[in-house]
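The values are calculated or read from the model by the stated rules, or taken from the named source; none is laboratory data. What you see is a predicted model, and the numbers here were worked out from it, not measured in a lab. When we count neighbours, we look across all protein chains shown, and the Cβ atoms used for this are built from the backbone with ideal geometry, even at glycine.
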Amino acid sequence: MTNLSMKHLRYFDALARIGHFGRAADDCAVSQPALSIQIRELEELIGAKLVERGGRRAGLTVLGEQFAERVRAILHSVEELEGLARAARGPFSGQLRLGIIPTVAPYLLPGLIKALATSYPHLDPRPREAVTRKLIRDLVEGRLDAAVVALPVSEPLLEEVALFGEEFVLVRPVEDAEKPVPSSEKLTEMRLLLLEEGHCFRDQALSFCSIGTATPRDLMEGSSLSTLVQMVSAGIGVTLIPQMAVETETRSATVSVARLREPRPVRTIGMVWRKTNPLAAQLNLVAEIVRDVGMRKVGALDRGA
């Protein structure tokens, strides 16, 4: 297999992960015919079928499953070699593939990108917003360098660095501004608006309200914090949002914001990366920048409270 290339391996890995020719091609930023050609070339090189084709969908043969595991290991090792080379070049430069959860990204990224540009002018940040589960999978499989998430993630392959904490705050209709702040128990009796399943912030809010993972009858869902706040403004219910989201999300909504009773719910925001990542020293420095930007964001809201 002397003509086997990294392109063959990367395209096959995308197809194995996604199971669909069109979406795998999008993931690789190529056309679907170009990806199909590379997969057929790979099969011809090894002399066996790796993919069971059914229209644009693709399942793996038994050999394909075994091949995929080894391809991922190879790609992971190549990523580590590239990291070693970058670490040896001196000042942090090149692409930084940084994952970030949706309940942090809109509020932290603007300040973070500016701060990174100041500290590392030759660094090319490539932020990717996704829920925690997908970010952790992409980290473990080498498609991200690091991710900003709510801790803990409890993944043994990843290093976790706690950066800052922030409270959850209550958002309710403006006419309720003078009412006593409800306890967590009282919140369960109200129409509670929360993010849809898959968001860790949803699970943290349910935990604070002592609600199990089953969706209560009076719980309504939204796809973003912005949607939830606008629903509150329309008088549909109440919601909890993280502290750093208050300034942005309540700017155009007629709502009131209140700090919850002690003990107030909090979450810890941190940064994670693979323990084997040779860029660990540089990522620690990036984590310090994330900490500074995040603490300024949360601190500004504290001073305005």
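List of remarks:
- Any hit, the stretch 138-151, residues being free of Cβ contacts under 8 Å to residues at least 40 places away in the same chain and out of contact with any Gly (no Cβ under 7 Å at 6 or more places or on another chain): no
- Output for the stretch 43-57, where each listed residue is outside any loop (DSSP other than H, G, I, E, B) and out of contact with any strand residue (DSSP E or B) (no Cβ under 9 Å at 6 or more places or on another chain): E44, L45, I46, G54
- Matching residues in the stretch 157-192 - criterion: being over 18 Å from C209 (Cβ atoms) and among the aromatic types (F, W, Y): F164
- Scope the stretch 114-136; condition under 20 Å from E166 (Cβ atoms), in contact with a strand residue (DSSP E or B) (Cβ under 6 Å, 6 or more places away or on another chain) and assigned to a helix (DSSP H, G or I); matching residues: T132, L135
- Exactly one residue among L163, L135, L109 is in contact with a helix residue (DSSP H, G or I) (Cβ under 7 Å, 6 or more places away or on another chain) and of a type outside the set (D, E), and that residue is L163.
- Boolean, L139 is in contact with a Leu (Cβ under 7 Å, 6 or more places away or on another chain), modelled with pLDDT of 90 or more, aliphatic (A, V, I, L, M) and in a loop (DSSP other than H, G, I, E, B): no
- The number of residues in the stretch 143-187 that are among the hydrophobic types (A, V, I, L, M, F, W, C) and under 18 Å from L108 (Cβ atoms) comes to 14.
- For R23, the conditions (1) under 23 Å from R128 (Cβ atoms); (2) among the basic types (K, R); (3) touching a residue at least 24 places away in the same chain (Cβ under 8 Å) all hold with the exception of (3).
- Whether a residue is outside the structural domain of V149 (by TED's automatic domain parsing) and either closer than 30 Å to M295 by Cβ or crowded, with 17+ Cβ neighbours inside 10 Å (or both) was assessed, and Q32 does not pass this test.
- Cβ-Cβ under 7 Å pairs, at least 6 apart or on other chains, the stretch 184-204 side under 20 Å from I236 (Cα atoms), far side aromatic (F, W, Y) and crowded, with 21+ Cβ neighbours inside 10 Å: L195/F201
- The number of residues in the stretch 103-122 that are charged (D, E, K, R) and touching a Lys or Arg at 6+ places or on another chain (Cβ under 8 Å) comes to 0.
- Selected residue (only one of T268, T248, T254 is within 23 Å of L158 (Cβ to Cβ) and either without any contact (Cβ under 8 Å) to a residue 24 or more places away in the chain or surrounded by fewer than 17 Cβ atoms within 10 Å (Cβ to Cβ) (or both)): T268
- Listing of helices (runs of 4 or more DSSP H) fully contained in the stretch 197-305 that carry 1 or more residues being of a type in the set (G, A, S) and modelled with pLDDT under 90: 200-208, 280-304
- Once the stretch 99-122 is narrowed to residues that are in contact with a Gly (Cβ under 9 Å, 6 or more places away or on another chain) and surrounded by fewer than 17 Cβ atoms within 10 Å (Cβ to Cβ), the residue that is farthest from L283 (Cα to Cα) is G111.
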